[in-house]
Structure formats: structure tokens, C-alpha cells
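Written out below as C-alpha cells is the structure these notes cover.
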């Protein structure tokens, strides 16, 4: 039940963050905005750690894996996606990102020796087929010219980095590293990487002190980063990177639902069928067959933000 709550929170928040991102566009460079986002998220998490009196001292080896998680999940993957969307439509980028479902299955098997479940693979393929139907127009207008190929490769590379970041997070949790402190240091490292990338590429560090920009920045930092990543990475540890990644296929449904209300998005038979396939794939992945050992096992403990519950 707790896992389902974390799953829904992740989907609803990340499915709605496109509004915050849209409101961020304007005077401030996107890469700089991402730097602000994770720097602010780091500050929020640090305050939380101090209030809760959480342990913040870790050895160099643990910091190395926190750094690796940070640059993969909160740094280079964001950088590559922002660059990629200069060449390809955001809808196509979402389709390519959906391959993280299969990437997590393969990477989990390679690096964590996680068994590959047939139902998860089939469910992932069904969901990806649904995503393709939803974004059929964007895919149909895609041209594999030099710019299109560049954007495609960048999106694929960004997705691979995000998948590897999921695997590192799962590894960190198995090694006993607490999620909130790991995210705190990881986001700090990610913000530092984005800061350096912004400086190297000559970005201007502007800031718009308005309700629109500051409000959206707070939403992305607190809800989109602190809350959503906390829930999502808890899922990675609890149900596995393969099942948790399926949430990425549900983000577009939430975004389309919001777009229907605010931007008069018109549904088609193709998009409606695609949503149906995504939900079917979701059901196939999340419904794990119970074995005798599962029924005899004690309830798993769920750890979120340093707090454990049954």
C-alpha cells in the first residue's frame, strides 16, 4: 500500500512538472535554471537533515557512490536532455526516455544480478507501444537528418545515464546508505556539475524575481526534486528499478490530462488506445505473482526520508 502511494505521488508530481518547466522558460537560461533547481533542493534537504539530526558524515568510498548517483541522476542526464531538445520535439524525447523501462531491466541484471521477469519485460514492451501511439504525430514528423540523429543519440545517452543512476541508487540502498542524505549530497554534486557546465559554456546567471519564475522554481525544487525523487528512489529500493521505471510511462498521461484542461489538447483514437496500452502494461508489471515464500515472508520494511514503517 505504501509503495502504491509513493508510485502515485511520483507519477502525479513528475507528470505535472512540465507546467513548472514551461514557466521557467524566458529570460533565464534552461541550464542555469536547472542549476538553481538542484541547488535549492539541496538547501531544502540540508535544512531537513539538520532539523531531524540525521547523520551527515560518510567515508570517501560512500561519497564516491553519492557523487556517481548525483552526476548521473541530477547532472549530465538533465544537461543532455536540454541540449537534445534543441534538435528534437519534447514528445519524441519522452518516447525515447520511455526506453528506461527496458534499460533498467538489462542494467539491473548486469550490475545487480536482478532476475529478469517475463511479465515485466512484456509489460514494458506493451507500455512502450502505448507511448508510441500517444506520440504518433511527433514520431511521424521526425526526420533522421543530421540534427535529428544528433538529438536522438543525445536522448538515448541521457536515458542511459538516468538508468545507470537508478542502478547506483539501488546499489547505495542495498549498501545501507540512507535515501535522504544520499539525495542531499547527490543533488549537491549534480548542482555543482550543472554550475560548472553553465560557466564553461558561458551561460548568463540571470534571475527573475517574479511569482511565475520563483514560484515554479520552488515547485520544481521541492515537489519535483525533493519529494518526487525521494518517493521514486524509495520505490527503486523496494520494488526494483525495473518496476519503478514504469512510472516514466505514466508521466505523459498526467501531462496530457493537464494539457486537455489548460491547452485544449484534443484526444484521438490513437492517443486513447495508447493510454489504454500503457495502463495495461502498468497492470502487468505491478501485479507480481505471489509464491509460497512470498506469502510466508514477513512484511517488508519501507524506508523514506530516514523513517521506517511496515
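The values are calculated or read from the model by the stated rules, or taken from the named source; none is laboratory data. Keep in mind the model is a prediction, meaning the values are calculated, not measured. As a convention, Cβ positions derive from the backbone with ideal geometry for all residues, glycine included, and neighbour counts pool all protein chains shown.
Could you please let me know if residue 289 is at pLDDT below 85, in contact with a strand residue (DSSP E or B) (Cβ under 9 Å, 6 or more places away or on another chain) and either at negative phi or not in a helix (DSSP H, G or I) (or both)?
On the way: at pLDDT below 85: yes; in contact with a strand residue (DSSP E or B) (Cβ under 9 Å, 6 or more places away or on another chain): no; either at negative phi or not in a helix (DSSP H, G or I) (or both): yes.
It is false that residue 289 is at pLDDT below 85, in contact with a strand residue (DSSP E or B) (Cβ under 9 Å, 6 or more places away or on another chain) and either at negative phi or not in a helix (DSSP H, G or I) (or both).
Do we find that residue 198 is over 30 Å from residue 243 (Cα atoms) and outside any helix (DSSP H, G or I) in this structure? First the steps, then the outcome.
Values: over 30 Å from residue 243 (Cα atoms): yes; outside any helix (DSSP H, G or I): no.
So residue 198 fails the test.
If we scan the range 156-175, do we find a residue that is over 24 Å from residue 227 (Cα atoms), surrounded by 16 or more Cβ atoms within 10 Å (Cβ to Cβ) and free of Cβ contacts under 8 Å to residues at least 60 places away in the same chain?
No - not one qualifying residue is present in the range 156-175.
Exactly one of these conditions fails for residue 111: (1) in contact with a helix residue (DSSP H, G or I) (Cβ under 6 Å, 6 or more places away or on another chain); (2) modelled with pLDDT of 85 or more; (3) closer than 29 Å to residue 222 by Cβ. Give me its number.
(3)
Out of the range 100-118, which residues are part of a loop (DSSP other than H, G, I, E, B) and exposed (fewer than 13 other Cβ atoms within 10 Å of the Cβ)?
Narrowing the range 100-118 to residues part of a loop (DSSP other than H, G, I, E, B): 112-117.
113, 115, 116 - these are the residues of the range 100-118 that are part of a loop (DSSP other than H, G, I, E, B) and exposed (fewer than 13 other Cβ atoms within 10 Å of the Cβ).
Within the range 131-150, take every residue that is in a helix (DSSP H, G or I), surrounded by fewer than 24 Cβ atoms within 10 Å (Cβ to Cβ) and in contact with a helix residue (DSSP H, G or I) (Cβ under 7 Å, 6 or more places away or on another chain) and give me the one that is modelled with the highest pLDDT. Don't jump to the end; show me each part of the working.
Our first condition is that a residue be in a helix (DSSP H, G or I); within the range 131-150, this holds for 131-134, 136-140, 146-150.
With surrounded by fewer than 24 Cβ atoms within 10 Å (Cβ to Cβ) added as a condition, the list becomes 132-133, 136-140, 146-150.
Retained after the next criterion (residues that are in contact with a helix residue (DSSP H, G or I) (Cβ under 7 Å, 6 or more places away or on another chain)): 132-133, 136, 138-139.
Working: 132: 85, 133: 88, 136: 81, 138: 69, 139: 74.
Result: 133.
Can you report the number of residues in the range 246-269 which are over 30 Å from residue 117 (Cβ atoms), at pLDDT 75 or above and assigned to a loop (DSSP other than H, G, I, E, B)?
So the count comes out to 2.
Out of the range 232-259, which residues are crowded, with 22+ Cβ neighbours inside 10 Å and touching a strand residue (DSSP E or B) at 6+ places or on another chain (Cβ under 7 Å)?
234
May I ask you to verify whether residue 198 is within 19 Å of the chain's Cα centre (by Cα) and touching a residue at least 12 places away in the same chain (Cβ under 8 Å)?
Details: within 19 Å of the chain's Cα centre (by Cα): no; touching a residue at least 12 places away in the same chain (Cβ under 8 Å): yes.
Criteria not met by residue 198.
So, restricting to helices (runs of 4 or more DSSP H) that lie completely within the range 1-88, which ones have at least 1 residues that are farther than 21 Å from residue 206 by Cβ, touching a residue at least 40 places away in the same chain (Cβ under 8 Å) and touching a strand residue (DSSP E or B) at 6+ places or on another chain (Cβ under 6 Å)? Before you say what the answer is, go through the steps one by one.
Details: elements: 2-24, 30-52, 60-71, 77-84.
Where helices (runs of 4 or more DSSP H) fall fully within the range 1-88 and carry at least 1 residues being farther than 21 Å from residue 206 by Cβ, touching a residue at least 40 places away in the same chain (Cβ under 8 Å) and touching a strand residue (DSSP E or B) at 6+ places or on another chain (Cβ under 6 Å), they are 2-24.
Taking residue 191 as the residue in question, decide whether it is part of a helix (DSSP H, G or I) and either surrounded by fewer than 21 Cβ atoms within 10 Å (Cβ to Cβ) or over 20 Å from the mean Cα position of the chain (by Cα) (or both). Don't jump to the end; show me each part of the working.
Values: part of a helix (DSSP H, G or I): yes; either surrounded by fewer than 21 Cβ atoms within 10 Å (Cβ to Cβ) or over 20 Å from the mean Cα position of the chain (by Cα) (or both): no.
No, not satisfied.
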